[in-house]
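Chemist: I am attaching a structure below and will ask some questions about it afterwards.
The values are calculated or read from the model by the stated rules, or taken from the named source; none is laboratory data. Note that the structure is predicted; figures quoted are calculated from it, not measured. Every residue, glycine as well, gets a Cβ built from its backbone with ideal geometry; the counts of neighbours run over all protein chains shown.
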Amino acid sequence: MLLWLFEQLAGYHSSFQVVRYLTLRSLLSVLTSLTIGLVLGPIMIRKLQALKYGQA
């Protein structure tokens, strides 16, 4: 969906063509997943500790 949007915007401004590179899209996906993990990880750990969920 975003790729389609950026392809449409590339007709108006050439800097949007950078999204066509697979390496950039891969890097952005890795950074997105890392950010989500760093944000949601501590929240999940606190919830599991509150439930007294641990190793058996």
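Condition check ((1) in contact with a helix residue (DSSP H, G or I) (Cβ under 9 Å, 6 or more places away or on another chain); (2) part of a helix (DSSP H, G or I)) across all residues:
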site	(1), (2)
4	no, yes
7	yes, yes
18	yes, yes
23	no, yes
26	no, yes
31	no, yes
42	no, yes
55	no, no
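Chemist: If I go through the range 11-56 residue by residue, how many of them are at pLDDT 95 or above, of a type in the set (Gly, Ala, Ser) and more than 11 Å from the chain's Cα centre (by Cα)?
Modeler: 1
Chemist: Also, quick follow-up: Within the set of pairs 6 or more residues apart or between chains, which connect a residue that is under 15 Å from residue 1 (Cα atoms) inside the range 11-30 to a residue that is of a type outside the set (A, V, I, L, M) and modelled with pLDDT under 90 with Cβ atoms less than 7 Å apart?
Modeler: What qualifies is 16/6; 19/6; 19/25.
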